[in-house]
Amino acid sequence: MESMLSGACNASTAVDGSAPDSEFRLLQPIWDLRKGHEDVLSSSLFPIVTSLVFYVLCVLPFMILDMYGKNWKWIQKYKIQTDMEVTWTQIRLAVNLTAWNHALYILPVTIAQFVWTPSTALPRLAPAVFEFVWQQYLALAIFDAEYALWHVVHHKVRFLYRHVHSIHHHFSSPSSWVTEYLHPWELISIGVFTTTSPWWFSAHPMTQWSFLLLSIVISVDDHCGYDLPLLPHRWLPFWGGSIHHDMHHHKPLTNFQPFFTWWDRLFGSFCPGKRAGGYKPKTLVEWEKVPRIHETEFGCADSQRNHLNNNNNNKQL
């Protein structure tokens, strides 16, 4: 899901100048680290630059595992699509497109924001812990619903798929750099959704910045290609994660949500994911037994494609 348009984090923020100096906030020591750096932190450039640097830092460990850990059995046993190998050619394609998008589209927006966007107001008090947590969770849910709708439309509308979203589906087996292998319109849309989701709550700047970084971590996890222990999809109900989104790249008619699974379950687009080592759980085996005939921008779904291929073979005979 890559949030490079996150520079507009200066949405209306409640300034707590009337709060008593003695009010205790558990996160206050962290928030007080801003002192002496207010000019940098309040700049509209700060969230954008921070997001870009943090994204690269999240991607690199998985790239190392993909390229240098191919013979490391202790990590390869967690790979989801065991028959698919990440290559330097794929990485170069993804890095080049990511760099091109940022140079051609994100950089001008960044400069415009720096020139015309006012500095972010930095309140004296840190957010309360409960507020800090629930606002990020609901912001994830809002982003998830917005992008899920965008995602469905860009699969169902032939023009939008062919000219926009098909770029991301160039890879049927995702890897970490594929996270931002996107058409500019998709990158901008994700940036807008990520930036504006915390605005529903007039979230504290610390909450907004944390949400930006959290969304990057989750998006890279979605595309990493590994079913690692302790990841949220193993223990958090209705969480999608890498196995959920990996299956979307494998079966593009399924799993439109980027983070959660409840809308996919409700509207019948949910497909259980493969697990570590390419293992198919019983739920996936049962799912694949049900005939599903749809026409999509990928041509026909597997069941219909096989049927058509058989018909063509029979005609030739």
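The values are calculated or read from the model by the stated rules, or taken from the named source; none is laboratory data. If you're wondering where the values come from, they're calculated on a predicted model, not measured in any experiment. Note that we place each Cβ from the backbone using ideal geometry, even for glycine, and neighbour counts take in every protein chain shown. Side chains are part of the model used for accessible areas, which takes the heavy atoms of the whole protein and leaves out ligands, DNA and RNA. Shrake-Rupley method; radii C 1.70, N 1.55, O 1.52, S 1.80 Å.
What's the local net charge at LEU138, with K and R +1, D and E -1, over the other residues with C-beta under 15 Å away? Kindly include the intermediate steps, with their values, before the conclusion.
Details: positive: none; negative: GLU131, ASP144, GLU146.
Charge balance in the 15 Å sphere: -3.
Carbon and sulfur atoms: what percent of the 1.4 Å accessible area of the chain do they account for? Before the final figure, lay out the partial values.
Details: 10540 of 15990 Å².
The nonpolar share, carbon plus sulfur, comes to 66 percent.
Starting from the Cα-Cα distance between ASN71 and GLU286, subtract it from 0.36 nm times their residue separation and give me the gain in nm to one decimal. Write down the numbers at each step before the final one.
On the way: separation 215, 0.36 × 215 = 77.40 nm, distance 3.27 nm.
Full extension from ASN71 to GLU286 adds 74.1 nm.
How many percent of all Cα-Cα pairs in segment 145-234 sit more than 18 Å apart?
Tail of the P(r) past 18 Å holds 53 percent of the pairs.
From largest accessible area down, sort HIS102, HIS163, HIS183, HIS248; use a 1.4 Å probe on the protein chains.
In descending accessible area the options line up as HIS163, HIS183, HIS102, HIS248.
List the pairs from LYS77/LYS289; LYS70/LYS280; LYS77/LYS156; LYS73/LYS251; LYS79/LYS156; LYS251/LYS289 whose alpha-carbon separation is above 24 Å, in the order I gave them. Walk me through the numbers before you get to the answer.
Values: LYS77/LYS289 26 Å; LYS70/LYS280 22 Å; LYS77/LYS156 35 Å; LYS73/LYS251 27 Å; LYS79/LYS156 30 Å; LYS251/LYS289 14 Å.
Table pairs above 24 Å Cα-Cα are LYS77/LYS289; LYS77/LYS156; LYS73/LYS251; LYS79/LYS156.
Using the 2.2 N^0.38 Å rule of thumb for compact globular proteins, work out how the chain stacks up: its C-alpha Rg over that value, please.
1.09
When N counts the residues of segment 21-115, how does its alpha-carbon radius of gyration compare numerically with 2.2 N^0.38 Å, as a ratio?
On the way: Rg = 19.9 Å, N = 95, 2.2 N^0.38 = 12.4 Å.
Compared with the compact-globule rule of thumb, segment 21-115 sits at 1.60.
Between ARG92 and VAL133, with labels modelled 7 Å along Cα→Cβ, what's the label distance in nm to one decimal, could you check?
4.8 nm
For the chain, what does the helix formula give at 222 nm: sum of -39500 (n - 2.57) over DSSP H segments with n ≥ 4, over the residue count, nearest 500 deg cm²/dmol?
Details: 14 runs with 165 residues, N = 317.
Rounded to the nearest 500, the figure is -16000 deg cm²/dmol.
Using a cut-off of under 20 Å, list every residue of segment 143-177 whose amide N is near the label point 7 Å from the Cα of GLU85 along the Cα-to-beta-carbon line.
So the set is 171-177.
Please calculate the 1.4 Å probe accessible area of GLU288, with all protein chains present, and give it to the nearest 10 Å².
We get 70 Å² for GLU288.
Averaged per residue, what accessible surface does segment 157-249 expose to a 1.4 Å probe, in Å²?
Working: 3100 Å² over 93 residues.
Ligands and nucleic acids excluded, the figure is 33 Å² per residue.
Please calculate the 1.4 Å probe accessible area of PHE256, with all protein chains present, and give it to the nearest 10 Å².
Accessible surface of PHE256 is approximately 10 Å².
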